[in-house]
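Written below as structure tokens is the structure these notes are about.
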Amino acid sequence: MKRLAIIAGKGHLPIDVAKTATADGYDVLVLPIEGQADADFTSYQTNSIRLGGIGKTRLIITQHGIEELVMVGKVAWPSIAALRPDFDAAKLLGKMITKGDDNVLRLVAAYFAEKGIETIAPDRFLPDRKMPLGVVYSGIIGDQRAISPEEEGTIACGVSVLAALGKHDVGQSVIVQNGRVIAIEAAEGSDEMIARSATLLDPDGGVACFVKMAKSAQDLRLDMPVFGGDTIRFAATAGLSLLAVEAETVLLADDLASIRAACAAHNITLIGIERQGRP
């Protein structure tokens with residue numbers, strides 16, 4: 001039987017992957033990250049891990065004879081002091097200290113690969129949960145209304161900003177209004193960025209848009225961007241009504257019907273966009 005390890009962060013995506021993998025014939029071992037994973041994994045074999053315990057984590061995976069690994073769920077990175085690194089993690093820290101998120105995750109994947117453990121993207125088990133291309137919701141389910149030139153320009157502005165920032169391993173999301181950058185996602189994440197933008201948006205300043213995309217060289221096996229109903233609710237509270245999310249590279253935290261229902265409840269227009277020249 002095929003075996004799969006799931007390093008599980010916060011949210012229900014880890015349990016969604018576990019259910020699908022089990023249905024696909026995998027024997028699943030869930031490794032909930034202590035203090036972060038919050039789904040109910042009682043139906044699965046589990047072994048809790050620490051973020052700083054990478055050596056122990058790899059040992060657990062190899063002892064179970066597992067050769068495939070998925071990392072999924074939101075992870076809040078603690079300070080180095082709070083990380084309490086084990087011996088192997090401490091050896092990696094010297095390489096990690098000057099690296100951005102993407103390069104750090106590549107080092108971690110390479111560390112697992114040394115023992116024949118392949119890291120695979122979560123969308124392999126959730127292919128129908130990738131953001132689709134086109135208008136997802138705009139007032140009536142199935143409505144494919146034309147996007148106005150002003151909306152197109154605002155979205156293009158956000159895409160341009162993220163394309164430039166992504167080369168520096170910075171941010172997956174931005175809020176723009178009338179050609180101005182209102183907020184850029186940093187370590188806090190998309191939802192918190194939206195929350196702090198609420199007082200910066202001008203109600204009379206023209207179209208404002210939240211744009212989310214994978215970074216230019218982001219390895220989607222290791223860190224696939226996620227978008228879901230929580231972000232829609234944060235956007236509505238902040239006064240946003242136009243959201244543009246990159247198709248195919250962003251994973252939906254909820255099924256498409258739930259995403260559309262959230263948009264309908266908050267009068268949100270959601271568009272799946274494609275960035276030209278994506279490597």
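Residues with beta-carbon under 15 Å from that of Ser43, excluding Ser43: net charge, scoring Lys, Arg +1 and Asp, Glu -1?
On the way: positive: Lys19; negative: Asp16, Asp27, Asp40.
Net charge in that neighbourhood comes out at -2.
To the nearest ten degrees, helix 101-113 and the longest principal axis of the Cα atoms of the chain are 30 degrees apart.
What is the sum of charges, Lys and Arg at +1 and Asp and Glu at -1, for the other residues whose Cβ falls under 11 Å from the Cβ of Gly116? Working shown, then result.
Numbers: positive: Arg58, Lys115; negative: Glu67, Glu68, Glu114, Glu118.
That sum, taken over residues with Cβ under 11 Å, equals -2.
Annotation: amide H-H contacts under 5 Å for Ile147 (H modelled 1.01 Å from N, sequence separation of 5 or more, or interchain): none.
The GNM of the chain, with springs linking C-alpha atoms under 10 angstrom apart, assigns the highest mean-square fluctuation among Gln177, Gln63, Gln218 to Gln63.
Across the range 148-159, coupling constants 3J(HN,Hα) worked out from phi with the 6.51/-1.76/1.60 Karplus curve, θ = phi - 60°, read 5, x, 5, 5, 4, x, 5, 4, 4, 4, x, 4 Hz, and Gly and Pro carry x. Based on Cα contacts under 8 Å between residues 6+ apart, the range 2-124 shows a relative contact order of 28 percent.
Could you calculate the FRET efficiency of Lys19 with Glu248 from 1/(1 + (r/R0)^6), where r is the beta carbon distance between them and R0 is 22 Å, rounded to 0.05? It comes out at approximately 0.45. By the beta-carbon count within 10 Å of each Cβ, the least crowded to most crowded order of Ile80, Ile273, fewest first, is Ile80, Ile273. Were the residues from Thr237 through Ser148 laid out at 0.36 nm apart, the gain over their Cα-Cα distance would be 29.7 nm.
Around the amide H of Asp27, modelled in the peptide plane, lie the amide H atoms of Lys2, Arg3, Leu4, all under 5 Å away and 5 or more residues distant in sequence or on another chain. Each part gets one Cα centre, and for the range 121-139 versus the range 201-278 those centres are 11 Å apart. Which of the listed residues, Thr57, Gly94, Leu13, is farthest toward the dipole's positive end in the range 2-124, when Lys, Arg count +1 and Asp, Glu count -1 at the beta-carbon? Ranked along the dipole, the leading option is Gly94.
Once the chain from Lys56 to Asp204 is taken as fully extended at 0.36 nm per residue, the excess over their C-alpha distance is 47.8 nm. Bridgeable aspartates and glutamates around Lys10 (alpha carbons under 16 Å apart, same-chain partners fewer than 8 residues away excluded): Glu34, Asp38, Asp40, Glu188, Asp191, Glu192, Asp223, Asp230, Asp254. Nearest 10 degrees is fine. How inclined is helix 229-238 to the longest principal axis of the chain, computing both from alpha carbons? For 229-238 against the chain, the angle is about 40 degrees. Between (1) 0.93; (2) 0.99; (3) 1.04, which matches Rg/Rh (Cα atoms, Kirkwood Rh) calculated for the structure shown? Recomputing Rg/Rh (Cα atoms, Kirkwood Rh) here picks out (2).
Determine the calculated [θ] at 222 nm for the chain from helices alone, applying -39500 (n - 2.57) to every DSSP H run no shorter than 4 residues and normalising by the residue count; nearest 500 deg cm²/dmol.
Values: 9 runs with 95 residues, N = 279.
About -10000 deg cm²/dmol.
Computed from backbone phi, the HN-Hα couplings of the range 11-27 come to x, 9, 4, x, 6, 5, 5, 4, 5, 5, 4, 4, 5, 7, x, 7, 8 Hz, rounded to whole numbers (Karplus: 6.51 cos²θ - 1.76 cosθ + 1.60, θ = phi - 60°; Gly and Pro given as x).
Does anyone have the angle between helix 87-96 and the longest principal axis of the chain? Alpha-carbon axes, 0 to 90°, nearest 10? With rounding to tens, the tilt is 40 degrees. Each label was represented as a point 7 Å from its Cα along the Cα-to-Cβ direction; for Arg3 and Glu274 these points are 4.2 nm apart.
Calculated FRET efficiency, Ala264 to Phe87, Cβ-Cβ distance, R0 = 41 Å: about 0.20 to the nearest 0.05.
With the contact rule set at Cα under 8 Å and sequence spacing of 6 or more, what percent relative contact order holds for the chain? Don't skip to the answer; put the middle values down first.
Numbers: 519 pairs, mean separation 48.9, N = 279.
Relative contact order here is 18 percent.
Read-outs throughout are calculated quantities, based only on the coordinates presented, and are distinct from any laboratory measurement. Note that the structure is predicted; figures quoted are calculated from it, not measured. We place every Cβ from the backbone using ideal geometry, glycine too, and count neighbours over all the protein chains shown.
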